[in-house]
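The values are calculated or read from the model by the stated rules, or taken from the named source; none is laboratory data. Owing to the predicted nature of the structure, the values given are computational and were not obtained by experimental measurement. When we count neighbours, we look across all protein chains shown, and the Cβ atoms used for this are built from the backbone with ideal geometry, even at glycine.
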Amino acid sequence: MSIQLPSHYLPTMSKMHELHELHSTQGFEIQDFPTAVLPPILGNMVKEVARITQTPESMAGCLILGIISASIGKGIKLKGHAKRVTSGNLYILISADSGTGKTLCAKEIFKPFIAFDQDRLNRWRDEELPELLKSKIRFEEELTETRKELQKAPTTKEKERIMNTLVGIKTSIASTKSRINQEPRLYVDNLTSEKMAHLLSAQPNECLASLSSDAADCIEILAGRYQKKDNTDENLYLKAFSGDTCRVDRVNGSAINLESPHLTVVWLTQPDKVRQLYSISRFSDGGLMPRFLVCDTGCEPQERPVVPEEGISREIESSYGKLVKSVAAKYLGTNKTIEIPLSKEAQTQYTNFFNEVVRKRRSGGALADVNSYAARWEENALRVGLVLHVAQYGTSADLSNLSPETAQGSIKLIRWFNDQQLRLLESNRENQRQEKVKKILQLIQSEGGKTTVTKVRRRRIAQNAEVARALLSSMVNEGLIEEEEISPAIGKGGHIQTIYRLKK
């Protein structure tokens, strides 16, 4: 039977008690991006780009973390608790309205990475491609001569030998053609998983970055633009974040097997596209959105100052460009991985942060309803820590342990990103809570006007008694229901029972 609740029983927006307790005492007021924790080369560049593009430092700050992450590739990783190895690839999503400087900001931060990619491609075209083409011609000439030999072969045995030789030559031609078609590249934009898998497989170390100053198409593809029915297209992104083995089936052609794909994502987009990602439950439940570090810049159009601004300092821009290119040259293109340990003090800081979060993730805790998101916080802190470490030491990063100062800086950055994440999740969390409240009100009416903690739990409105009690207590505080304690009958044992009724 459908139950129509009186309008005054519908839940109103409530304060998210303890939601922000872990990070700040100022509610959902988002603090400025902590540029000061960045190594000087990055911090100076962030301030310069923010100045000339008239955008918040959060935009350039997030972008620059993403580019250093992309430059690291698989070349260097962290070895932490229980010898667990963590990569430095980040998934970063930045939102800002159109016309507020996204493209200008991204252009300045992406510039050295894109230049390095182009230089690498030019060298390949000038040096390696001609040799590959020569090899192809030689193999084809050898194939022609061998076919002539086959026609003249006097015996079956000799024909069999020559045919085996032909197979070997054809295999060499196919391999050479494949190498000719596999231009080296370090970044992509809006691609389907099928195309992304193909390009990852074409790179010797299965490493790529997805960079976009307008990721609307990237997000639409993720949401299932080219998929059947209501399917989404995030599986490769899940695998390539952690480096898990992945098989991608192609509609036309054989399947692509990736041994350890490695992807960095740096996307800018409009706020509505970020909301779209968070609105797709599969992206949250399946783990895609918890992997992302998300930033809502709150960017507003800015008036231009009367006195013209100077351009970016050449010294600052040059230092940043040299860092990106040298790091990419040493770590991104290699097939080797160097594992660096955490210092003892740094390990302690990450452990303390991890335990702090775990306590809030437990049933009834402030983060219990966003457990899948909070579960990624320490891992992302480690990833950011590696990025800061490499930015600090450049090509010497593999010679030093990650310091406690770097660990502290990475945890501060992650707390900032977590504040952003929780603010974006706030409406979803409140919607989920309102849905539970509505179910409880319906339960009360169906049970003759009253209910208990046990009944709420048994109906699976709350996962356990502690959560059910907290939810019912919050409804009492909001004036939606009232509680009544009923003592056991005189002469009979038992406990005092708490009954919850619709408020009269």
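Of the residues in region 347-363, how many are out of contact with any Phe, Trp or Tyr (no Cβ under 9 Å at 6 or more places or on another chain) and either among the charged types (D, E, K, R) or surrounded by 17 or more Cβ atoms within 10 Å (Cβ to Cβ) (or both)? Number of matching residues: 8.
Only residues that are farther than 19 Å from LEU90 by Cα and in contact (Cβ under 8 Å) with a residue 60 or more places away in the chain were counted in region 160-193, giving 2. Within region 260-304, count every residue that is in a loop (DSSP other than H, G, I, E, B) and either of a type in the set (Val, Ile, Thr) or in contact with a His (Cβ under 7 Å, 6 or more places away or on another chain) (or both). Matching residues across region 260-304 total 2.
Restricting LEU413, LEU382, LEU480 to residues that are over 30 Å from LEU238 (Cα atoms), in contact with a helix residue (DSSP H, G or I) (Cβ under 9 Å, 6 or more places away or on another chain) and crowded, with 20+ Cβ neighbours inside 10 Å narrows the list to LEU480. Which residues, taken from region 106-154, are over 30 Å from VAL327 (Cα atoms), surrounded by 12 or more Cβ atoms within 10 Å (Cβ to Cβ) and among the basic types (Lys, Arg)? Answer for region 106-154, where residues must be over 30 Å from VAL327 (Cα atoms), surrounded by 12 or more Cβ atoms within 10 Å (Cβ to Cβ) and among the basic types (Lys, Arg): LYS136, ARG138, ARG147. Among the residues of region 119-132, are any farther than 24 Å from PRO184 by Cα, touching a residue at least 24 places away in the same chain (Cβ under 8 Å) and out of contact with any Gly (no Cβ under 6 Å at 6 or more places or on another chain)? For region 119-132, residues farther than 24 Å from PRO184 by Cα, touching a residue at least 24 places away in the same chain (Cβ under 8 Å) and out of contact with any Gly (no Cβ under 6 Å at 6 or more places or on another chain): absent. Name the residues in region 242-289 that are of a type in the set (D, E, K, R) and either more than 15 Å from SER95 (Cα to Cα) or surrounded by fewer than 17 Cβ atoms within 10 Å (Cβ to Cβ) (or both), would you? Of everything in region 242-289, those that are of a type in the set (D, E, K, R) and either more than 15 Å from SER95 (Cα to Cα) or surrounded by fewer than 17 Cβ atoms within 10 Å (Cβ to Cβ) (or both) turn out to be ASP244, ARG247, ASP249, ARG250, GLU259, ASP272, ARG275, ARG282, ASP285. Checking LEU425, LEU443 one by one, the residue that is within 30 Å of GLN31 (Cα to Cα), surrounded by 14 or more Cβ atoms within 10 Å (Cβ to Cβ) and either touching a residue at least 12 places away in the same chain (Cβ under 8 Å) or not polar (S, T, N, Q) (or both) is LEU425 and no other. Here the helices (runs of 4 or more DSSP H) wholly within region 305-415 that include at least 2 residues being farther than 20 Å from CYS295 by Cβ and either among the hydrophobic types (A, V, I, L, M, F, W, C) or in contact with a Gly (Cβ under 9 Å, 6 or more places away or on another chain) (or both) are 314-327, 344-361, 377-393. Scanning region 461-495 for residues that are in a loop (DSSP other than H, G, I, E, B) and at pLDDT below 85 turns up ALA462, GLN463, ASN464, SER487, PRO488, ALA489, ILE490, GLY491, LYS492, GLY493, GLY494, HIS495.
Cβ-Cβ contacts under 7 Å between residues 6 or more apart (or on different chains), taken from a first residue in region 86-113 that is closer than 30 Å to TYR350 by Cβ to a second residue that is of a type in the set (D, E, K, R) and assigned to a loop (DSSP other than H, G, I, E, B), are listed as SER87/LYS74. Evaluated against (1) touching an Asp or Glu at 6+ places or on another chain (Cβ under 8 Å); (2) on the phi < 0 side of the Ramachandran plot; (3) not β-branched (Val, Ile, Thr), PRO341 falls short on exactly one condition, (1).
Can you name every one of the helices (runs of 4 or more DSSP H) wholly within region 167-244 that holds 3 or more residues which are out of contact with any Ser or Thr (no Cβ under 8 Å at 6 or more places or on another chain)? Reasoning before the result, please.
Details: elements: 193-202, 216-222, 235-242.
Here the list reads 193-202, 235-242.
Take the conditions under 19 Å from the mean Cα position of the chain (by Cα) and not β-branched (Val, Ile, Thr) and apply them to LEU424. Does it pass? Yes; evaluated as a whole, the condition is true for this residue. Does ASN235 satisfy the criteria of being more than 16 Å from SER71 (Cα to Cα), surrounded by fewer than 21 Cβ atoms within 10 Å (Cβ to Cβ) and in contact with a Cys (Cβ under 6 Å, 6 or more places away or on another chain)? No; evaluated as a whole, the condition is false for this residue.
Restricting LYS195, LYS228 to those that are out of contact with any Lys or Arg (no Cβ under 6 Å at 6 or more places or on another chain) and closer than 30 Å to MET59 by Cα reduces the list to LYS195.
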